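Heads up, the thing below is written out as structure tokens.
The values are calculated or read from the model by the stated rules, or taken from the named source; none is laboratory data. These figures come from a predicted structure and were not determined experimentally. Cβ placement follows ideal geometry from the backbone for every residue including glycine, while neighbour counts extend to all protein chains displayed.
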Amino acid sequence: MSTQPSPLFLDAVRHHEAGNLGTAERLYRKLVEKEPRNPDAWYLAGYLFIQRRQMTRALAHLDKAVQLRPGYPEAQLNRANVLMELGRPEDAAAGYRAAAQCPQPHPEAFAGLGQALARLGRPAEAAEAFGAALRLAPSHAAANAGLANALRLLGRDAEALPHVLAYAVGAKDVQVLVDLSREAMARNLLPVAHAALQAVTGIRPADADSLALLANLSQMGSRYAEAEATARRALALKADLALAHSVLGRALFRLERTEEAASALKEACRLDPEDAEARHFLSLLTGEADASAQLKYTRDLFDGCAATFDQVLVDQLEYSAPWVLAEELKAAGVLDRPQAIVDLGCGTGLCGTILKPNASRLDGIDLAPGMVEATRKRGLYDEVIEGEITDVLNGRNAEYDLAVAADVLIYIGESSQVFAATRKALRTGGCFAFSVEIEDGSGVTGRSSGRFAHSAAYIRDLAGRFGFAVIAERAFPLRKELGHHIEGRTYVLRAI
């Protein structure tokens, strides 16, 4: 505003602020005639026309305001907003850039630029603009929502979720928060999921479904007593909630209260026969195999966590199987010449990264579509096949010199079909290298982790039955869980 506004200016502003838009418009018309060099008069008249949804007239007045004062941030910003309303995103983007270059730019300038660039189909530039808005105003709802959308378009879904959270918390959008929690849990982004569910329970403290999801999150975070307590809270509100029974059963299994666990899991399966996770854990408790549940559980477990898989395994769980297997293969002389290699349960390609220099051909097989997609993007493999290992290998006859299965049998349990299919796919003299969790007995044992452990006697029996000789084995700490190392063993078998 000018330092000494005229009485006419003050009168126009007074009527404008009072909502007397018709009177204000007449006064602004007189004002711009009498003070044609006053950018504030042109700006306020333009803003009034925005309020009256007369965008063409608004643009004409705002054009004049920025001509008179190019560094007028409010005029530049609202002019760009009008251009967006008029369906001119390219011109709007230029206007938002001009607003952003003004002294002390408003975050709305960067947020608007992001929206214009998004409409123009330029998500990478849009993400940069939304990021600039958030550096000025971290809780800006539109910028968080816009950045989330841009990141998703760029295939960076995991990065998008914290911004979905920021938007939904500010908007108190319960449905978005619930959906976000499910996606974050599937991607193993537990802090994001936890924050989303805490926000939901803060808004709706008696929401049984959200409490069940929160209990599931506690279960995933290895907080089993907390999971039990929260699941029981959910069931007190809604006794027939299948997820709460499932979480309760899995938590009790971990707490070694197996009879209670079996009862809860049976109820979960009764309420939701399609719950593969409940069926899988019940089968581990009872010893009654449920192959379809096991397969679906494994696929679902790995499908959504490809984006964080390597980081969680290596950095948090100190996972070492691929490197130990490679050491054993080198020590046995298996990698002295290039090999046609198939990576069973290839995941995101950790083994492939290590074995690629020794491969004349490198194929990967995985059950989870998310893992297959991530592996293909890595570009290490000649072929990546989505499917169940035995189904794929049964279609390959003596094609490979080496089959590798790092932490695969622990999700399969009874492994005779895998041994048979692998032997079929290997040339005579080829090798099968794999890791297992150690079982001290004589067979295969289901564990409360949802995985299986294999005894040395069981592995040697399978080797003899399906045409393999054990040429190397080694005990080692497979990974960390609950602060303790899980003992594992690698085997290298030769096809005879």
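Candidates E35, E25: the one that is out of contact with any Pro (no Cβ under 8 Å at 6 or more places or on another chain), buried (at least 18 other Cβ atoms within 10 Å of the Cβ) and touching a residue at least 12 places away in the same chain (Cβ under 8 Å) is E25. Applying a threshold of 6 Å to beta carbon distances and a minimum spacing of six or more residues, or different chains, the list of pairs starting in the range 76-90 at a residue that is at pLDDT 95 or above and ending at one that is not in a helix (DSSP H, G or I) reads P89/L120. Restricting G347, G379, G370 to residues that are surrounded by fewer than 24 Cβ atoms within 10 Å (Cβ to Cβ), on the phi > 0 side of the Ramachandran plot and not hydroxyl-bearing (S, T, Y) narrows the list to G379.
Residues of the range 212-249 that are within 20 Å of L189 (Cβ to Cβ) and either in the same structural domain as K480 (by TED's automatic domain parsing) or polar (S, T, N, Q) (or both): N216, S218, Q219, S222, T230. Within the range 164-218, restricting attention to residues that are within 21 Å of N144 (Cβ to Cβ) and of a type in the set (K, R), the residue that is farthest from the chain's Cα centre (by Cα) is K172. Per the conditions (1) in contact with a Lys or Arg (Cβ under 7 Å, 6 or more places away or on another chain); (2) closer than 30 Å to A127 by Cβ; (3) crowded, with 21+ Cβ neighbours inside 10 Å, the sole criterion not satisfied by S210 is (2). Any residue at all in the range 442-463 that's among the basic types (K, R), at negative phi and in contact (Cβ under 8 Å) with a residue 60 or more places away in the chain? Yes: one or more hits.
Only residues that are on the phi > 0 side of the Ramachandran plot and at pLDDT 95 or above: list them for the range 117-155, please. Selection gives G121 alone.
All conditions but one from (1) closer than 30 Å to R57 by Cα; (2) touching a residue at least 60 places away in the same chain (Cβ under 8 Å) apply to H106; the one that does not is (2).
Taking the condition in contact with a helix residue (DSSP H, G or I) (Cβ under 9 Å, 6 or more places away or on another chain), of a type in the set (G, A, S) and buried (at least 17 other Cβ atoms within 10 Å of the Cβ), does A18 pass? No; evaluated as a whole, the condition is false for this residue. Residues in the range 464-482 that are on the phi > 0 side of the Ramachandran plot and over 34 Å from the mean Cα position of the chain (by Cα): how many? Residues that pass the stated criteria total 1. Selection of the range 389-417 for residues being among the charged types (D, E, K, R) and surrounded by 19 or more Cβ atoms within 10 Å (Cβ to Cβ) yields D401, D407.
Taking the criterion of being β-branched (V, I, T) and closer than 18 Å to S292 by Cβ, the residues of the range 410-429 that qualify are I412, V418.
With the structure loaded, tell me whether Q76 is under 18 Å from N144 (Cβ atoms) and in contact with a Gly (Cβ under 8 Å, 6 or more places away or on another chain) or whether it fails that test. Against the criterion (under 18 Å from N144 (Cβ atoms) and in contact with a Gly (Cβ under 8 Å, 6 or more places away or on another chain)), Q76 does not qualify.
Applying the criterion of at least 1 residues that are within 20 Å of F253 (Cβ to Cβ) and out of contact with any strand residue (DSSP E or B) (no Cβ under 6 Å at 6 or more places or on another chain) to the strands (runs of 3 or more DSSP E) found wholly in the range 408-496 leaves 468-481, 484-495.
Residues that are surrounded by fewer than 16 Cβ atoms within 10 Å (Cβ to Cβ) and within 14 Å of F281 (Cβ to Cβ) do occur in the range 233-255, at least one of them.
Just give me the residues in the range 268-299 being outside any helix (DSSP H, G or I), closer than 19 Å to L235 by Cα and either touching a residue at least 24 places away in the same chain (Cβ under 8 Å) or not assigned by TED's automatic domain parsing to the domain that holds G249 (or both), in sequence order. Residues satisfying the conditions are D272, D275. Close Cβ contacts (under 9 Å, 6 or more residues apart or on different chains) running from residues in the range 400-423 that are polar (S, T, N, Q) to residues that are assigned to a helix (DSSP H, G or I) and surrounded by fewer than 22 Cβ atoms within 10 Å (Cβ to Cβ) comprise S415/Y458; S415/L462; S416/L462; S416/R465; Q417/T390; T422/T390.
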